[in-house]
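A short worksheet on the structure shown next.
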Amino acid sequence: RFLEGNGMEKNFVNKHICLKKEISIMRFMFPAGFIFMFEYVMKNYMDRTLAPGIQHTLAKGRIILKKHYNKGSAGNFLSSRPGCIRRIHAAALAAVSAGLLWMLPKKHAALAKTGLSFLAGGGLSNLHDRLRHGHVIDYVSFGFGPQRFRRLVFNLADLFIFAGIFLCTAQVFVKEEQ
């Protein structure tokens, strides 16, 4: 009753709504920051502890840890043009970040927002490597599947980038209640 007559009720409700929106927005921003920080720690650890040319196997040889410096994009594409790769990578990250910021206030599209957050976190991690070291630090490959698949070396940021692409694509096929 105290809140009803003096306008404090409306103010309280408005602040509650704003807080809910901020929490909703942070729910999609947190993964990007977490992915970046986790990969920062992992890449530094792998770079310090894995010797070049030495492999460590896990899960009965299905997962292989080995250090690889990737100067290009996937599969060392454009490795001879590092400046070009940095510009392309920065432009792609800017587009993803702009898309995420545009999508955040929208009520629906949780898959797309999560996917864009994964893309932003993984992309920022790899761009940080490019700017800091001149290459991306990759450290995981698989010891099963076709030989072509076994030759790939990647990092966890790459897995989040692929997961982000998958989630954004899946959003197209999911009908949400309006």
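Here is how the numbers come out for the structure above:
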quantity	calculated
Sequence ranges 129-135, 101-107, 49-55, ranked by mean other-Cβ count within 10 angstrom, highest first	129-135, 101-107, 49-55
Accessible surface ranking that places the most exposed of T114, T169 first, with a 1.4 angstrom probe	T169, T114
Nearest-10 value in Å² for the accessible area of L124, using the 1.4 Å probe	80
Orientation-averaged projected area, Cα convex hull of region 70-178 (nm²)	7.9
Accessible-area order (highest first, 1.4 angstrom probe) of the listed residues F142, F34, F154	F34, F142, F154
Gain in span if fully extended, I165 to A90, counting 0.36 nm per residue against the direct Cα distance	25.3 nm
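The values are calculated or read from the model by the stated rules, or taken from the named source; none is laboratory data. As the structure is a prediction and not an experimental result, all values here were calculated from the model. Cβ sites come from the backbone with ideal geometry, for glycine too, and all protein chains shown count toward neighbours. Note: accessible area is taken over every heavy atom of the protein model, side chains too, but ligands, DNA and RNA are not part of it. Shrake-Rupley method; radii C 1.70, N 1.55, O 1.52, S 1.80 Å.
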